[in-house]
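First the structure, in the form of structure tokens, and then the observations on it.
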Amino acid sequence: MVSGNGVCFPILGFASFVLFFYMSFGGLRFSFLFEEDGKTMSFVERNGTQFVLDGKALYVNGWNSYWLLGQSVEVNNRPKVREMLQSGAKMGFTVCRTWAFNDGDYNALQTSPGHFDEQTFKALDYVIAEAGQNGIRLLLSLVNNLQAYGGKTQYVKWAWEEGVGLSSSNDSFFFDPSIRSYFKNYVKTVLTRKNTITKIEYRNDPTIFGWELINEPRCMYDPSGDTLQEWLEEMSSFVKSIDKNHLLTMGHEGFYGPNDPKSSTINPEYWASRLGIDFIRNSNISNIDFTSVHIYADHWFHDQSFEDQLKFVSKWMISHIEDGDKVLNKPVVFSEYGYSELNKNFTFSDREKMYRRVTDIIYKSAKKNRSGAGALVWQFLVGGMSEFSDEYGMVPWESSSTHSLFIEQSCRLAKLKGLPQQDSSFKDLC
């Protein structure tokens with residue numbers, strides 16, 4: 001390097017640019033919508049109780065990493081996102097569920113109703129582009145029922161601050177006309193967003209597996225379920241009026257409503273039928289393409305033995321698969337399942353037994369072409385992210401047996417249905 005004649009300065013400038021570009025987009029080959037064989041990536045569709053991709057049934061083995069958006073805002077954190085998506089592809093996973101929202105929180109996407117932070121939107125652009133590059137499809141959730149990352153609480157706060165809110169109750173999110181208008185504007189802005197990296201509008205991007213209206217909706221203001229039902233009907237219709245390419249689901253936990261006989265035979269306890277949700281009624285909405293169910297036996301029961309929890313998981317999953325087959329004629333995705341490390345006498349062996357119970361039932365469903373269309377474990381991290389963890393979080397490759405369990409599920413689903421996998425290292429594992 002020669003400094004005396006000034007040559008080093010443009011060289012350093014160019015090197016800095018290259019470093020910045022790599023940290024932002026490193027590893028992207030800008031072949032975002034192409035499979036390894038050169039064919040364009042297709043949208044996932046539904047045929048009755050099954051997902052269909054390129055004419056073949058698709059059964060999903062996937063995971064949750066809610067933090068992808070937040071970790072993509074700062075360029076120096078993006079390698080964590082890339083590592084997670086690349087690792088998921090190497091394990092044969094096909095779908096990752098993550099948040100497409102951050103309302104009024106730190107590094108918010110929506111800073112106030114109708115106002116968006118472009119840097120954070122570009123972070124979401126990056127998440128989608130990087131997922132597409134690695135052959136991972138995204139299930140994107142649009143708002144949180146919980147307070148984390150703003151959620152319905154933030155929407156109610158905004159309406160209250162602007163003097164237009166009908167109630168300070170969090171559940172007014174579902175019935176306040178002004179808040180419904182806020183949310184519709186948000187949905188339209190996200191769905192019609194043109195990705196600054198791929199130059200494709202989100203609604204036209206097959207990297208997106210589907211949209212989820214809200215994470216774990218509950219409306220205890222109205223235990224009858226009418227209020228939430230009306231909201232789901234209105235918002236699902238609105239989404240479909242903008243985006244007819246993508247599948248749509250609710251984000252439901254799977255609890256049966258008070259008028260359903262299963263509320264007393266399948267629900268974990270009485271409280272589960274008093275949350276203003278109704279699995280069958282909500283899932284039957286015509287614009288809902290597939291339904292979702294969560295599995296947290298250890299959270300719902302506090303006095304059950306581990307073996308009893310395993311029995312409940314089997315009963316819970318089989319019941320909802322039967323609903324998908326016989327009542328709804330729609331795929332059922334178990335979009336969150338986990339086993340807490342805070343459980344009394346917790347062992348990693350028990351956690352793996354719980355995971356094995358879930359993945360075995362999905363595999364049996366796939367063998368019989370039934371509606372149990374996949375499961376997404378909660379949640380995966382990469383190293384150095386303890387602050388984003390919870391009692392369910394894990395770095396999957398830190399345990400060889402856990403890592404192998406998920407790869408085995410990916411392999412047997414791929415072999416059963418002949419699913420195309422992009423990542424060559426995954427093919428070698430199978």
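Overview of results
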item	result
Global form of the chain, assessed from the alpha-carbon gyration tensor, a/c cut-off 1.5	oblate
Aspartates and glutamates with Cα under 17 Å of residue 262, excluding same-chain neighbours fewer than 8 positions away	253, 278, 322, 323, 325
Whole-percent carbon and sulfur share, accessible surface of the chain, 1.4 Å	51
Rounded to the nearest 20 debye, dipole of the stretch 113-178 from Cβ charges on Lys, Arg, Asp, Glu	200
Added length on full extension, which subtracts the Cα-Cα distance from 0.36 nm per residue, residue 307 to residue 75	79.0 nm
Greater than 31 Å apart at Cα, pairs in 80/353; 152/311; 199/417	152/311; 199/417
Order of exposure, largest accessible area first, which applies to 425, 335 with probe 1.4 Å	425, 335
Candidate residues 96, 430: accessible-area rank, largest first, probe 1.4 Å	430, 96
Modelled FRET efficiency - R0 25 Å, residue 259 with residue 184, Cβ distances, 0.05 increments	0.25
Spin-label pair residue 280/residue 54, simplified geometry with 7 Å Cα→Cβ offset, distance in nm	3.9
Set of lysines near residue 194 by C-alpha distance (under 20 Å), chain-local residues within fewer than 8 positions excluded	122, 184, 240, 244
DSSP beta bridges in the chain [antiparallel fraction, %, rounded to 5]	25
Förster radius 30 Å - calculated FRET efficiency between residue 398 and residue 427 (Cβ-Cβ, nearest 0.05)	0.80
Label-to-label distance, nm, for residues given as residue 416 and residue 112 (7 Å Cα→Cβ offset)	5.2
For the chain: accessible area per residue (Å², 1.4 Å)	40
Computed magnitude of the charge dipole of the stretch 217-307 (debye, nearest 20; Cβ of K, R +1, Cβ of D, E -1)	200
Fully extended contour minus Cα-Cα distance, from residue 368 to residue 390, at 0.36 nm per residue	4.4 nm
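The values are calculated or read from the model by the stated rules, or taken from the named source; none is laboratory data. What you see is a predicted model, and the numbers here were worked out from it, not measured in a lab. Note: ideal-geometry Cβ built from the backbone for every residue, glycine included; neighbour counts use all protein chains shown. Each accessible area value is taken on the protein alone, full model and side chains, heavy atoms only, with ligands, DNA and RNA left out. Shrake-Rupley method; radii C 1.70, N 1.55, O 1.52, S 1.80 Å.
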